[in-house]
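Below: one structure, written as structure tokens.
The values are calculated or read from the model by the stated rules, or taken from the named source; none is laboratory data. Since the structure is predicted, the reported quantities are computational estimates derived from the model, not experimental observations. Please note: Cβ atoms are built from the backbone with ideal geometry, for glycine as well, and neighbour counts cover all protein chains shown.
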């Protein structure tokens, strides 16, 4: 029975924060994995949003006139008021296959600019066209520092889906 069983999706409300060490853009998910729960985009009323200094939280939700975005610059620690009331959202969600009709997402953006990705190109030979017999072995190594200065323009150009720093390594 599920009356007194432990729920794997957490309690009635969530604590929404980013605990990642190095990230540029990070989407909050209750269990940490993409598409692992129906609560991923159903942020509940009364959940706590914590944004650290040097971070920005982007709260994306639907309105009658289209998608809306709220930008919350850290430091910030308050509760969120959404249309997903903890008990009622489960009842209303039963009509929508267990998902909430009031979808919302929270993305965290690192504004500190210290996100670095190391890269390296293995040794290759470079030739001077005049002296094809003399090859010079070369290698390239370095770091790329990512920084978002215009976060509103960044959000407008990118949909923030599957944005991982590991893709650049």
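When residue 21 is tested against (1) modelled with pLDDT under 75; (2) surrounded by fewer than 19 Cβ atoms within 10 Å (Cβ to Cβ); (3) part of a loop (DSSP other than H, G, I, E, B), exactly one condition is not met: (1).
Per the conditions (1) modelled with pLDDT of 85 or more; (2) surrounded by 10 or more Cβ atoms within 10 Å (Cβ to Cβ), the sole criterion not satisfied by residue 143 is (2). Within the stretch 30-54, restricting attention to residues that are in a loop (DSSP other than H, G, I, E, B) and closer than 11 Å to residue 108 by Cα, which residue is modelled with the lowest pLDDT? Per the criteria, the residue is 54. Answer yes if at least one residue in the stretch 160-167 is under 38 Å from the mean Cα position of the chain (by Cα), modelled with pLDDT of 75 or more and not in a strand (DSSP E or B), and no otherwise. There is no residue in the stretch 160-167 that is under 38 Å from the mean Cα position of the chain (by Cα), modelled with pLDDT of 75 or more and not in a strand (DSSP E or B).
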